[in-house]
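Step one of this worksheet: look at the structure below.
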Amino acid sequence: MIIIGELINSTRDIIKEKIEERDKEYIQDIALKQQKAGAEFIDVNAGAFVHDEIEHLLWLVEITQEVLDKPLSLDSPNEKALEKAAEKHEGIPLINSITLEDDRYGKVLPIVKEYNANVIALCMSDEGMPESADDRIEVADKLINKLINDGVPADNIFVDPIITPISVDCSRGPEILNAIEKIKSWGTGVHITCGLSNISYGLPQRHLLNQAFMVMAIGRGMDSAIIDPLDDYMIKLIRASEVLMNEDQHAMNYLKASRAGELD
């Protein structure tokens, strides 16, 4: 499971405040805790600052890379911000994100190619947000093929079928799971990821829904997720699920975690 740590996001009030205050130590501490918990990428987002996003995003890139060994997920709806952040990033980043929308695709692809970056491929097109599993599957098929044909290696692509809240429509859970299973069945070699916590938005005890959905999604073939890696029980469920899905050879990671007391 490739974990993308979600906690350094300016939509969170505390993070927005710490960015404004330039509280370097606080942000670095959150970054390090996520890395220690097993995140392979640390997401950085300054999108809440509409007029000076680039300045804040570049600061986040600089101060987090001072302390991290792992690369960053550069998260922005602003293509110029992504370009500047990718230029500043040391090593190979994860670009969050590209879509099938003509304008977005045309502006983000050159950034992905120039930096040989990993990229989250969000299943959205010019027709808008997908509703059904079939909608997600259709967009995913087109987007995967387009990226591969344009020279992006399959292993660099993280397909996101777009998680939408079940509080609006409970049928969305099965629709997303069906889409994950179908995309996995193609055997293209791409990764499947999602912003997991969106599934529980608007409902109480969200952690229960998030944890249950994670196990179900892993069972359908998801191998990455944008989550809070400091949720200890979530990480335990991931480790156990990987063993049961034969994604942890000889249960080596599970045994290592157990010996370290991480499963207690």
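The values are calculated or read from the model by the stated rules, or taken from the named source; none is laboratory data. None of the values given here were measured: they were computed from a predicted structure. In this analysis, Cβ positions are derived from the backbone assuming ideal geometry, glycine residues included, and neighbour counts consider all displayed protein chains.
A few points about this structure:
- None of I148, I111, I120 is more than 20 Å from K80 (Cβ to Cβ), surrounded by 13 or more Cβ atoms within 10 Å (Cβ to Cβ), in contact (Cβ under 8 Å) with a residue 12 or more places away in the chain and of a type in the set (V, I, T) except I148.
- Residue satisfying all of: in the range 245-264; in contact (Cβ under 8 Å) with a residue 12 or more places away in the chain and hydrophobic (A, V, I, L, M, F, W, C); surrounded by the most Cβ atoms within 10 Å (Cβ to Cβ) among these: A257
- Any chance L143 is of a type outside the set (G, A, S), in contact with a strand residue (DSSP E or B) (Cβ under 6 Å, 6 or more places away or on another chain) and in a helix (DSSP H, G or I): yes
- Looking across the range 232-241 at every residue that is touching a helix residue (DSSP H, G or I) at 6+ places or on another chain (Cβ under 7 Å) and closer than 16 Å to I4 by Cβ, the one that is surrounded by the fewest Cβ atoms within 10 Å (Cβ to Cβ) is identified as M234.
- One residue alone among M222, M214 is assigned by TED's automatic domain parsing to the domain that holds L177, in a helix (DSSP H, G or I), at negative phi and surrounded by 16 or more Cβ atoms within 10 Å (Cβ to Cβ), and that residue is M214.
- Of all residues in the range 97-108, exactly one satisfies the criterion of being surrounded by fewer than 16 Cβ atoms within 10 Å (Cβ to Cβ) and more than 20 Å from P130 (Cα to Cα), namely G106.
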